[in-house]
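Asks: Below you will find the structure I want to go over with you.
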């Protein structure tokens, strides 16, 4: 028996439209479970009764049906994965990036949605190829990895942290790789007195920009340093210290999001 949700209604699918499902892991794995335990499937794309553009990410939760000590069947709930996956990064601040892959390394969540579920399009887009250090998590040689990527003219430098997260029942040995990234940046404040015009403030900013032009040597490798500078003036932008700081901070983040401009 199959029940579909159509809007606010539950609709039973006619028997002649049912499909054979016994060969799927969420069926045969669930049938081998003790009463009361739940099997959670891998994430995939549902193409049933849907046009290609309407296919959606899903996962299945299944549990055996036991009556009088005898196995009678299995109940399966198919869950739309998009709302579930969105919960992972809903509370993250804008500069952060969230990554999630299955145990083979296929991206399920990526800041660029085009990188996700590539296996369903015949194109494997793997986390261990985008971040080679993460290969140790995929093949079980490590539980976590921290790495950084230098900035470019269009993208700021970022630091990444990945962990191997158990998934499903412990004895199955399944896992996902979860990652976060954030801008690799140090924030500091320069407070200047007796700056009575925007032109005078810009002269100070120009000196700061020149100070950040030389590359920074890390382990013998030159790394470009870029400064995003937000400027606020008293009393033009604020009447008190806290608001003045907030105004400069907001200006700095507008610059960071614009990538090209630095002031």
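Asks: With the condition being loosely packed, with under 15 Cβ neighbours inside 10 Å and over 13 Å from the mean Cα position of the chain (by Cα), I'd like the helices (runs of 4 or more DSSP H) fully within the range 70-155 carrying at least 1 qualifying residues. Don't jump to the end; show me each part of the working.
Replies: On the way: elements: 81-89, 127-130, 135-138.
It comes to 81-89, 127-130.
Asks: Here is a follow-up. Pick from 26, 43, 117: which is at positive phi, in contact (Cβ under 8 Å) with a residue 24 or more places away in the chain and in contact with a strand residue (DSSP E or B) (Cβ under 7 Å, 6 or more places away or on another chain)?
Replies: Numbers: 26 fails: at positive phi; 43 fails: at positive phi.
Exactly one of 26, 43, 117 is at positive phi, in contact (Cβ under 8 Å) with a residue 24 or more places away in the chain and in contact with a strand residue (DSSP E or B) (Cβ under 7 Å, 6 or more places away or on another chain), namely 117.
Asks: Now, a different point. So which strands (runs of 3 or more DSSP E) are wholly in the range 1-55 and hold at least 3 residues that are closer than 30 Å to residue 173 by Cα and at pLDDT 85 or above? Let's see the steps before the verdict.
Replies: Working: elements: 3-6, 9-12, 44-46.
Hits in the range 1-55: 44-46.
Asks: Pull up the range 242-257, narrow it to residues that are in contact (Cβ under 8 Å) with a residue 24 or more places away in the chain and surrounded by 16 or more Cβ atoms within 10 Å (Cβ to Cβ), then point me to the one that is farthest from residue 183 (Cα to Cα).
Replies: 248
The values are calculated or read from the model by the stated rules, or taken from the named source; none is laboratory data. Everything numeric in this text was worked out from a predicted model, so none of it was measured. Note that each Cβ is placed from the backbone with ideal geometry, even for glycine, and that neighbours are counted across all protein chains shown.
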